[in-house]
Each structure stands twice: as C-alpha cells, then as structure tokens.
Amino acid sequence: MDFLSTIRVIRSCSLAALSFTLAAAWMTPACAGTYPEHAIKIIVPFTPGGTSDVLARTVAEQMALDLGQPVVVENRPGAGSALGTGVAARSAPDGYTLLMGSSSALAVNPALLNDLPYDAARSFAPISLVAGIQNILLVNPSLPVKNVQELIAYGKTHKLFFGSAGTGSSPHMSAELFQSMAGIEMTHVPFKGGPQALSETVAGRINLVFDNMPTAAAMVKSGQLRGLAVTAAHPSPMVPEIPTVASQGLPGYDVTVWYGLLAPAGTPPAIVEMLSKETAKILARADIRQKLIDIGTEPQSMAPDEFGAFITGERTKWAEVIHKAGISMAAR
C-alpha cells in the first residue's frame, strides 16, 4: 500500500475515524464500510458468451445485490486477452475496476510473449479464484488404446499427432506437459479454434486432442471420441467415470484452466479482502454453484494470499514447460 492510496482510503472514512492514527484508520472497519460508493466494473478480456464472461456476469449480478451498487461487465477482447488485461492493469487502484483474469493471461502468456502491456507478477492484486475448468484427453476410437498407459506405450513406437486450438492454448499446454512427463514425442498440429481440432480428430486425420469441458464431455457421450483421462488432479463431476491423467501413471500431472478476480496493484488491502470474502460468499450459494457446474466449471474461492501463491506457482510451471518444449514466442 503506497502513501497516496492510504490517504484516499482515509478521506473516505467518517470524520470520527479521522481522529485515529493513519494505521488505525486504515484498519478501521468503517473505512472499508464506505466502499463501494458507486458502480464497480469487471473487465473481461474476451468476447461475450464465453466461460470468463458467464463467470463475470454471474458474480457481478450477485455482488450488485449484496453491495447495493451496480456491478457492470465490460468486454475488452483482443490480442489473446492481452488488450483487456492491460486496460485493467492501468486502471485506478481504487476498487472500482476489477479484472476477470485467466490462466492464459497470467500464467502462460508471460512465458510466450515479451511485449505484454502488463506485468503478470506486479500489475495486479489477487482477490480470489472463481472457477476452474478441466480438459479431457480425447483420442480417435480407431486408435488401439483404452487408457493413458496404453497411449504412452503406443507413443513410444508410433508417431502421434495432436491438435489444439492454437499455440499457447490450454489444450496445447495440456499436451506439452503430457508428453514431457510421459517421455514421448508428439507432433503439434495447431488450428484456428477448438472445433476444427475436434473435427480433425473425429475424422482420424490427427490422433488425439485435449479439449475443454463441456464440449469434450459431449464428444465422449456421443461416442465420437474416446475419453482417456481428465486433466486436473481430481475427477470431474461432469464425467466422473473418466479417471485423471495423474492416476494413470503420471503422478503430479495437473492442468486446470482457471479464472479469478484481480484488482490493479495498489488497491487498498481492506477493499481486496472485502471483495475476496464477498466472492467466497457468492460461490458458496447452492444455486450459484450449480449454475457454474452446469456450464462445466468447478467453482472455488481463495483468500488473496492463497490466490497470489497459486498464480505464482502456475506461472512457474508453465514457464518451465514452454522452455523445455522450445515453443517460439513468435508462434503465438
């Protein structure tokens, strides 16, 4: 907390609170109690209708009801989420502009791109994780494998081609981590989007693909593709019959596409803490949890320090994967 930010919070307190010392006034509940005094904006760096947009609008609606002020969602897509994320990073650190951040923007892109309009490690104050979404490892039914161990054995004697929604996408990163841990080599075939990668796998022109819930789950249930494993450390409630990659011979394998709320760096800690508790309260509501589960996500909140440590760990993990795989920054 810098001095000017502290002064802004002090001025928002009641006259009685001003009689306390600077430190005491900062900790006074009355100070946090004056926030929010007007509308809050949540920036979503993707187009409307996607997972991050639905998450942001769900949280915004509940937050507005609880806090008694409008909470609006502003979509700022572009540059693979870098545009909107950069706008949020440059916003005033007063608690009135938030970001629905993602694993791609804050953990993967920093290792792929050297011209981001934000510093993933320093530009934001983490508030809370909101939800994660798993990928499923899918293979063409003609491939003679029924589980991860059989796929690894097959990959040691045969060429394997995997598709993705593009270099640096979560399906691509899932496959890169998989082949690194499995000790096999697979050829990456990037497409312009997930649907094309799926259709090419169904057609048998590529062997396998990692794809997001719930689209991947639908492909499994229709019989078009065979689901070998889910990518998180635990089974998915959407396809509980499919085991994890980790439980099939690759302990420690864990890939989750995650989304969470952040504020610009320098936002008063009292506001960050209040918003974190509010987010946890929203995500604990049974109807909200079910709504988010129904769209294929797994809602989960975190305290600010916990979320910050989580992001740091994710950024380190993906930087190592990208470096080991030799993925070109220009390829994105």
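The values are calculated or read from the model by the stated rules, or taken from the named source; none is laboratory data. Please read all numbers here as calculations on a predicted model, not as lab measurements. Glycine also receives a Cβ, built like all others from the backbone with ideal geometry; neighbour counts cover every protein chain displayed. In case anyone asks, the SASA skips ligands and DNA or RNA and just uses the protein heavy atoms, side chains included. Shrake-Rupley method; radii C 1.70, N 1.55, O 1.52, S 1.80 Å.
Observations, loosely collected:
- Among the residues of the stretch 179-216, those identified as of a type in the set (A, V, I, L, M), out of contact with any Phe, Trp or Tyr (no Cβ under 7 Å at 6 or more places or on another chain) and under 19 Å from residue 246 (Cβ atoms) are 182, 184, 213, 216.
- The residue of the stretch 109-128 that is farthest from residue 305 (Cα to Cα), among those that are outside any loop (DSSP other than H, G, I, E, B) and open to solvent by 10 Å² or more (accessible area, probe 1.4 Å), is 111.
- Between 230, 255, the distinction of being over 16 Å from the mean Cα position of the chain (by Cα) and either open to solvent by less than 40 Å² (accessible area, probe 1.4 Å) or under 23 Å from residue 314 (Cα atoms) (or both) belongs to 230 only.
- Residue that is nearest to residue 326 (Cα to Cα) [pool: residues in the stretch 188-210 that are at pLDDT 95 or above and in a strand (DSSP E or B)]: 188
- Residue list for the stretch 171-184, filter: open to solvent by 30 Å² or more (accessible area, probe 1.4 Å) and at negative phi: 180, 181
- Given (1) open to solvent by less than 60 Å² (accessible area, probe 1.4 Å); (2) farther than 18 Å from residue 288 by Cα; (3) assigned to a helix (DSSP H, G or I), number of the condition residue 43 does not satisfy: (3)
- Pick from the stretch 50-59, criterion at pLDDT 95 or above and open to solvent by 30 Å² or more (accessible area, probe 1.4 Å), ranking: nearest to residue 96 (Cα to Cα): 57
- Hits in the stretch 315-325 - residues which are surrounded by fewer than 17 Cβ atoms within 10 Å (Cβ to Cβ) and either among the hydroxyl-bearing types (Ser, Thr, Tyr) or closer than 30 Å to residue 271 by Cα (or both): 316
- For the stretch 64-83, a residue qualifies if it is aliphatic (A, V, I, L, M), open to solvent by 60 Å² or more (accessible area, probe 1.4 Å) and outside any helix (DSSP H, G or I), and exactly one does: 72.
- If you go through the stretch 60-84 and keep only what is of a type in the set (Gly, Ala, Ser) and modelled with pLDDT of 95 or more, you end up with 60, 64, 68, 84.
- Filter pass, residue 161 being in contact with a strand residue (DSSP E or B) (Cβ under 8 Å, 6 or more places away or on another chain), open to solvent by 20 Å² or more (accessible area, probe 1.4 Å) and touching a residue at least 40 places away in the same chain (Cβ under 8 Å): yes
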